[in-house]
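In what follows, a single structure is set out as structure tokens and then discussed.
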Amino acid sequence: ANPEHLRTRRLNMNFGDWLSIDADTPKEVLATAYYALDAQLMARVAGVLAKQDDVELYEQLFADIKAAFIDAYVSADGRVFGDTQTCYLLALHAGLLPEELRAPAAARLVDDIAARGGHLSTGFLGVGYLAPILSDSGYLDVAYRLALSETYPSWGYSISHGATTIWERWDGWTEEHGFQTPEMNSFNHYAFGSIGEWLYRYVAGIDLDPLLPGFRHVVLRPQPGGGLTHAEATYRSVRGKIHSHWTIDGDRLAYQLTIPANTTATLHLPAADPDNVRESGIQADTAPGVKRVVGAGDAAVAVFELASGAYEFESVVTGPELGHRE
């Protein structure tokens, strides 16, 4: 692979994965991963603009960056140079691993979290990918544990010590050391607030279809877990309010949703028996505005196409993470 496709020059002024916790992600790994993400983004833009020559140019550039990345930074067992949580998150998010090494890399990520007592180490650049990558890699339970943790470092640690906004630093204040330096210790700073994307897209389940922009079509995919008994979110889209609210009582999942006018939706609803889901008290696939998509989704998920309107679904769910925490 051509080393020219690696971003290894002029990195001395790069902040890297800023404010990570005892995890020094190599700047060349970070920069090369973002170079690959840039190439992917440019290929998508060129596709929207119907510039096929540019699509091929940037897709080839991404392929070259990926080959160079694997050659320089990925071992045969899926370890990524630097061996930090952010290394694995970026490699997985940017699609920079051979398909057969994605699962070993995700497992290595989870092992690192476990080795830290169930804690994250990610800074500004890694944290936004943490919970989504874990969820997409089959570790939704780990994502929930990180999101709900109340020991240092975590979002919950800040909250349990009085935070009503997102802090700039995980260690903005700790029991052991008190306040960080006043020269750089904001208590109203966005970056670690990127967990909000996961709360909306995965916990509440409000997502969009990238092929139908402007919320013409909504994807609703609530993923209960972590022992939570309820979650609720509202997104005020350009077409109107999208509302998602689920509650769990024992093994019963109640899911209320609102889809604005001139919008359609695909619902992926957790259900131990997808053939026995009800909407407003009747068999779901006989309810107005509801069309069952048979054979889609996982075995424990029922899929429906929905017209705009308000719905109340009910299903039976199972799983050790469900239904025992407020």
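Could we say that HIS268 is open to solvent by 30 Å² or more (accessible area, probe 1.4 Å) and of a type outside the set (A, V, I, L, M) here?
For HIS268, the condition - open to solvent by 30 Å² or more (accessible area, probe 1.4 Å) and of a type outside the set (A, V, I, L, M) - is met.
Taking TYR144 as the residue in question, decide whether it is open to solvent by less than 10 Å² (accessible area, probe 1.4 Å) and not hydrophobic (A, V, I, L, M, F, W, C).
yes
Any residue in the stretch 171-196 that's under 18 Å from THR86 (Cβ atoms): show its pairings with residues that are hydrophobic (A, V, I, L, M, F, W, C) and in a loop (DSSP other than H, G, I, E, B) at Cβ separation under 6 Å, as long as the two are six or more apart or on different chains.
Correct list of pairs: PHE192/ILE166; GLY193/ILE166.
Just to verify a result, which residue in the stretch 272-290, among those that are part of a loop (DSSP other than H, G, I, E, B) and open to solvent by less than 70 Å² (accessible area, probe 1.4 Å), is nearest to ILE259 (Cα to Cα)? Break it down stepwise before answering.
Initially, the stretch 272-290 is screened for residues part of a loop (DSSP other than H, G, I, E, B), giving 272-277, 280-281, 287-289.
Okay, now just the ones that are also open to solvent by less than 70 Å² (accessible area, probe 1.4 Å), so 272, 274, 277, 281, 287, 289.
Details: ALA272: 25, PRO274: 22, VAL277: 19, GLY281: 19, ALA287: 15, GLY289: 11 Å.
Once the filter is applied, the top-ranked residue is GLY289.
Would you be able to tell me the number of residues in the stretch 18-39 that are assigned to a loop (DSSP other than H, G, I, E, B), open to solvent by less than 80 Å² (accessible area, probe 1.4 Å) and closer than 12 Å to GLY82 by Cα?
Total meeting the criteria: 3.
Which one of VAL301, VAL294 is closer than 25 Å to VAL142 by Cβ and either modelled with pLDDT under 95 or open to solvent by less than 60 Å² (accessible area, probe 1.4 Å) (or both)?
VAL301
Take the residues in the stretch 246-260 that are open to solvent by 40 Å² or more (accessible area, probe 1.4 Å) and not basic (Lys, Arg), then tell me which one is farthest from ALA271 (Cα to Cα).
THR258
Which residue out of ALA105, ALA43, ALA50 is in contact with a Gly (Cβ under 6 Å, 6 or more places away or on another chain) and either without any contact (Cβ under 8 Å) to a residue 40 or more places away in the chain or surrounded by fewer than 16 Cβ atoms within 10 Å (Cβ to Cβ) (or both)? Show your work before the answer.
On the way: ALA43 fails: in contact with a Gly (Cβ under 6 Å, 6 or more places away or on another chain); ALA50 fails: in contact with a Gly (Cβ under 6 Å, 6 or more places away or on another chain).
When all the criteria are applied, what remains is ALA105.
So, in the stretch 234-287, of the ones that are touching a helix residue (DSSP H, G or I) at 6+ places or on another chain (Cβ under 9 Å) and hydrophobic (A, V, I, L, M, F, W, C), which residue ends up farthest from ASP298 (Cα to Cα)?
TRP246
Taking THR174 as meeting all but one of (1) closer than 28 Å to ALA103 by Cα; (2) out of contact with any Leu (no Cβ under 8 Å at 6 or more places or on another chain); (3) open to solvent by less than 60 Å² (accessible area, probe 1.4 Å), write down the number of the exception.
(1)
From the list THR266, THR258, THR286, which residue is farther than 16 Å from GLN223 by Cβ and in contact with a His (Cβ under 8 Å, 6 or more places away or on another chain)? Full working, then the answer.
On the way: THR266 fails: farther than 16 Å from GLN223 by Cβ; THR286 fails: in contact with a His (Cβ under 8 Å, 6 or more places away or on another chain).
The match here is THR258.
Which one of ALA307, ALA299 is aliphatic (A, V, I, L, M) and closer than 18 Å to VAL218 by Cβ?
ALA307
The values are calculated or read from the model by the stated rules, or taken from the named source; none is laboratory data. Everything quoted here is computed from the prediction, not taken from an experiment. Every residue, glycine among them, receives a Cβ derived from its backbone with ideal geometry; neighbour counts consider all protein chains shown. Calculation scope for accessible area: heavy atoms of the full protein, side chains included, ligands and nucleic acids excluded. Shrake-Rupley method; radii C 1.70, N 1.55, O 1.52, S 1.80 Å.
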